[in-house]
Amino acid sequence: MQFDNKTLVIFDLDGTLLDSAPDLALAINLMLTDLGFEAAPEPVIRSWVGNGAQTLVSRALQYCGCDSSQDSSHFNDALVIFLAHYQAHLTTHSVLYNGVFDTLMQLKQSGLQLALVTNKPMRFIDPILSAFKLRDVFSITLGGDSLAVKKPHPEPLLHTCEQLGTSVEQAVMVGDSKNDILAAKAANMQSVGLTYGYNYNEAISLQSPDVVLDEFSHLLQCF
Ligand SMILES: O=C(O)COP(=O)(O)O
Ligand SMILES: [Mg+2]
């Protein structure tokens, strides 16, 4: 499918541009070990990614049979420990998916504006983008804690359009998770679902994005 009249492409980060699960799993397992629990297998941790750091930690504690509610005393300690470990391992094992760098450059050179809307905490985004030489590619970058709500709420996408003076019709959301597609639909925005990321072990096609792609570089055929 070809998108007509688009001027803005909004990208998700984890599972879309960046295979960050190995470092998220590393940091979660260091946290679990610090707290006296056994490490969890990486494929299991992968299925917990998508709703930001707090939910990731909460799911890890729940997996260990610990009170995971976000007002429990364990929770805050665990979150602080996780954030410190992840800060130290933002790009230890994480890699851009195949074709991501060149495809972003080509989309930008073709005149499209690019934006990043992730549920990852804002403090991690700049160091990660810098490490992959992507810092100057995006016109705007929003983290999961930039606004009061995060994806699947439509607000981060609407806010991005507003900030860039773009209408929702001129924008498209590209992501790997149901949170990306649900946010796009709630914002009345068209969307692309990528099949290779993290979506709670569910097929992204179940969310009926406008386009489903197996490879990031196939985006070039849509614009
Ligand atoms: O940090 C997460 O849980 C997911 O981040 P994402 O929105 O970039 O996929
Ligand atoms: Mg994602």
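Using a Gaussian network for the chain with springs between C-alpha atoms less than 10 Å apart, which of these wobbles most: 49, 117, 100?
Of 49, 117, 100, the Gaussian network model singles out 100 as fluctuating most.
When the Karplus curve 6.51 cos²θ - 1.76 cosθ + 1.60 is applied with θ = phi - 60°, which whole-Hz ³J(HN,Hα) does each residue of the range 7-21 get, with x for Gly and Pro?
Computed from phi, the couplings for the range 7-21 are 10, 9, 10, 9, 10, 7, 9, 5, x, 10, 9, 10, 8, 8, 4 Hz.
Taking the Cα centre of the range 33-173 as the origin, how large is its charge dipole in debye, to the nearest 20, when only Lys and Arg (+1) and Asp and Glu (-1) carry charge on their Cβ atoms? Walk me through the numbers on the way to the answer.
Values: 9 positive and 13 negative charges, 72 e Å.
The calculation lands at about 340 debye.
With θ taken as phi - 60° and the coefficients 6.51, -1.76 and 1.60, list the Karplus ³J(HN,Hα) couplings across the range 154-161 in order, rounded to whole Hz; mark glycine and proline as x.
x, 3, x, 6, 5, 4, 4, 4
Would you calculate a helix-derived [θ] at 222 nm for the chain, using -39,500 (n - 2.57) for each DSSP H run of n ≥ 4 and dividing by the full residue count, to the nearest 500? Write out the running numbers ahead of the final one.
Values: 8 runs with 82 residues, N = 223.
Mean residue ellipticity, 222 nm, calculated: -11000 deg cm²/dmol.
Name the shape class, rounded, prolate or oblate, that the alpha-carbon gyration tensor gives for the range 24-91, where a ≥ b ≥ c are the square roots of its eigenvalues, rounded holds for a/c under 1.5, and otherwise prolate holds if a/b is larger than b/c and oblate otherwise. Each step should come with its number before you reach the end.
Details: a/c = 1.31, a/b = 1.21, b/c = 1.09.
It comes out rounded by the Cα gyration axes.
What is the spin-label model distance, in nm, from residue 38 to residue 91 if the labels are put 7 Å beyond Cα along the C-beta direction?
Here the answer is 3.6 nm between the modelled labels.
Need the full-extension length gain, residue 47 to residue 167, defined as separation in residues times 0.36 nm minus the C-alpha distance. One decimal, nm. Can you show the working numbers first?
Values: separation 120, 0.36 × 120 = 43.20 nm, distance 3.33 nm.
Here the answer is 39.9 nm.
Hey, which of these cross-link pairs are over 18 Å Cα-Cα: 120/151; 151/178; 150/185; 151/185; 133/178? It would help to have the intermediate numbers written out before the result.
Details: 120/151 10 Å; 151/178 9 Å; 150/185 14 Å; 151/185 11 Å; 133/178 28 Å.
Exceeds cut-off: 133/178.
Looking at the chain, send over the antiparallel percent of its DSSP beta bridges, to the nearest 5.
Working: 2 of 21 bridges.
Percent antiparallel among DSSP bridges in the chain is about 10.
Relative to the present Cα-Cα distance, how much length would full extension add between residue 74 and residue 62 at 0.36 nm per residue of separation? Display every interim value, and only then the final one.
Details: separation 12, 0.36 × 12 = 4.32 nm, distance 1.11 nm.
Here the answer is 3.2 nm.
Have a look at 56, 35, 83 and tell me which one the Gaussian network model of the chain (Cα, springs below 10 Å) gives the largest fluctuation.
35
Counting only residues 5 or more places away or on other chains, whose amide H sits under 5 Å from the amide H of residue 191 once H atoms are built in the peptide plane?
It is 173, 210, 211, by chain and number.
With springs only between Cα atoms under 10 Å, which of 175, 165, 193 fluctuates most in a Gaussian network model of the chain?
Result for the chain, Cα springs under 10 Å: 165 fluctuates most.
How would the range 8-48 be classified by its alpha-carbon gyration tensor: rounded, prolate or oblate, with rounded meaning a/c under 1.5 and the a/b versus b/c comparison settling the rest? Spell out each step's value before the answer.
On the way: a/c = 3.94, a/b = 2.91, b/c = 1.35.
Prolate.
Using only C-alpha positions, report the orientation-averaged shadow area of the convex hull of the chain, nm², one decimal. Write down the numbers at each step before the final one.
Values: hull surface 45.0 nm².
Hull-based average projected area comes out at 11.3 nm².
We did not get these values from a lab; they are worked out from the coordinates using the rules stated. Everything quoted here is computed from the prediction, not taken from an experiment. Reconstructed Cβ throughout: ideal geometry from the backbone, glycine too, with neighbour counts over all protein chains shown.
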